[in-house]
Structure formats: structure tokens, C-alpha cells
Amino acid sequence: MTVTLLTGAKALTKRLVITQQLLCLSVILTCSLVQAETDYDVEVVIFEHLNGSFSAQWAPELQLNYPSRSQAFSQRDSGIIRQDTGQLSAQAGALKSNRHYRVLFHQAWRQPLLPPPDPPYRILPTSSPLPELSGALRLSFQEGVRLDTRLWLARFQPVSTPSSIPSLPAPPSTEGEFTAMTARLQPSALAQLASTQRLKPGQVTYLDNAKLGVLIWVNPSAP
């Protein structure tokens with residue numbers, strides 16, 4: 001009888017340990033999911049170095065395209081809250097007052113951060129069917145906040161002038177107008193900024209090359 005009781009007690013203890021381990025694992029997975037789906041406030045400034053040089057000739061590695069998982073950067077889709085959150089106002093003002101720079105884009109929005117490949121790229125809004133600045137940004141959460149940048153800046157000239165740069169991809173939803181514009185104009189100079197960068201919440205991150213620069217700030221949204 002004593003042996004039977006001891007054996008039963010050991011089996012019960014083992015089941016309790018396994019149950020506790022499963023509960024701990026469930027808590028960890030739930031916390032990770034909640035963290036990954038937390039809404040973040042985002043503010044971005046994209047600017048041009050006016051003294052910087054474009055690519056002299058088309059480089060084969062500069063493959064421009066809109067990612068397959070892309071969506072329009074609109075108030076409905078991107079949760080735009082206002083032009084800025086105040087985090088990058090001073091930097092944007094300094095850039096605008098400096099004759100060596102030109103601010104091309106300044107916007108803030110709110111979005112959840114999900115692990116790749118679920119988050120879509122957000123296509124930059126444009127005021128022209130043939131904009132100078134084009135491309136898309138993607139924010140995701142994978143062992144921290146990650147930014148994928150696919151941007152390009154172009155100058156244009158009449159199609160009658162020879163150019164070694166291929167045609168640019170049409171921004172989604174403006175293909176008809178884009179086609180009409182490209183019948184008259186073609187890119188004459190091009191600069192691209194393509195990168196993947198880890199971001200620290202609450203801090204400003206700076207990316208740039210000879211022609212394009214990006215300032216970005218992200219932080220968990222206030223409840």
C-alpha cells in the first residue's frame with residue numbers, strides 16, 4: 001500500500017510539474033504576441049542632400065520595384081494621426097532652414113508591429129503621378145523593431161533626350177496617369193536608399209547616402 005501511494009504521489013507531482021511548464025510557456029508566448037502587436041507611434045522625415053550627387057549612370061544593382069506586399073499610405077490604412085508628433089519637429093525645422101537640404105516627406109502615424117512577412121510595405125503618398133520621391137517603408141517586430149527602406153529619388157527630362165536609366169515602376173493606383181506622364185518624361189538621374197535597420201524605441205535613427213536621408217522615431221503608443 002505504501003509503495004502504491006508513493007508511486008501515485010510521484011505521478012501526480014510529475015503531472016503538476018508538466019502543467020506548470022506548459023502554463024509558463026503559454027505566458028511567454030502570450031507576452032511575446034502582445035509585445036509584437038503593440039501599437040507604435042511613428043514619425044519619419046525624408047530629405048534630400050542638395051549638394052549630394054546622383055548616380056552618374058544606371059547601376060544594375062539598383063533594381064527599383066514596389067514590394068509585392070504593399071498598401072497605400074492613407075489615413076484609413078496607416079492610422080495617420082497628424083503631420084508630426086513633435087519628436088522630429090526641431091530636426092525638420094533645422095533641415096528646412098538649411099540651404100543644403102530639402103525636406104521631401106514628413107509624416108507621423110500609428111500602427112501595430114507584427115513579425116515578417118506579415119506586415120506590408122507602406123507606399124509613400126505622392127502629389128504627382130510621376131513624383132521625384134517614390135518607394136515604400138515597412139516596420140515590423142522581430143527580436144526588436146526593424147525598418148525596411150526601399151526609396152528612390154529621380155530627376156526627369158524629355159523622352160527625346162538619350163538616357164541610360166530604365167523606366168521607373170508605376171506607383172499603384174496611378175498607373176494610367178503615370179503612363180501618360182512617362183510618354184513625355186523619363187528619368188535622367190537616380191538615387192536609391194535601400195536598407196534594413198534595427199530601431200531603438202524612443203530614440204531617433206538616422207539613415208543616409210550621398211543624396212537621400214531619413215530620420216525616424218518610433219515608440220509604443222500611450223494607452
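Give the residue that is surrounded by the fewest Cβ atoms within 10 Å (Cβ to Cβ), with candidates limited to residues of segment 97-117 that are among the aliphatic types (A, V, I, L, M) and closer than 18 Å to LEU215 by Cβ. If you could, list the steps in order and put the result at the bottom.
Taking segment 97-117 as the starting set, the residues that turn out to be among the aliphatic types (A, V, I, L, M) are 103-104, 108, 113-114.
Then drop every residue that is not closer than 18 Å to LEU215 by Cβ, which leaves 103-104, 108.
On the way: VAL103: 17, LEU104: 19, ALA108: 20.
The residue in question is VAL103.
Quick check on my filter: what residues within segment 179-198 are hydrophobic (A, V, I, L, M, F, W, C) and either surrounded by fewer than 17 Cβ atoms within 10 Å (Cβ to Cβ) or under 20 Å from ILE123 (Cα atoms) (or both)? Let's see the steps before the verdict.
Initially, segment 179-198 is screened for residues hydrophobic (A, V, I, L, M, F, W, C), giving 180-181, 183, 185, 189-191, 193-194.
Those that are hydrophobic (A, V, I, L, M, F, W, C) and either surrounded by fewer than 17 Cβ atoms within 10 Å (Cβ to Cβ) or under 20 Å from ILE123 (Cα atoms) (or both): ALA180, MET181, ALA183, LEU185, LEU190, ALA191, LEU193, ALA194.
If we keep just the residues of segment 123-178 that are surrounded by 15 or more Cβ atoms within 10 Å (Cβ to Cβ) and among the basic types (Lys, Arg), which is farthest from PRO201 (Cα to Cα)?
Only one residue fits best here, namely ARG150.
Restricting to segment 166-211, count the residues that are free of Cβ contacts under 8 Å to residues at least 24 places away in the same chain, within 15 Å of ASN65 (Cα to Cα) and in a loop (DSSP other than H, G, I, E, B).
2
Residues of segment 200-223 being under 13 Å from TYR40 (Cβ atoms) and of a type in the set (Lys, Arg), which ones?
If the condition is that a residue be under 13 Å from TYR40 (Cβ atoms) and of a type in the set (Lys, Arg), then LYS200 is the only one that fits.
Here, each number is a calculation from the coordinates, and none is a lab measurement. These numbers were taken from a predicted model, which means no experiment stands behind them. Methodologically, a virtual Cβ is constructed for each residue, glycine included, from the backbone with ideal geometry; neighbour enumeration extends over all protein chains shown.
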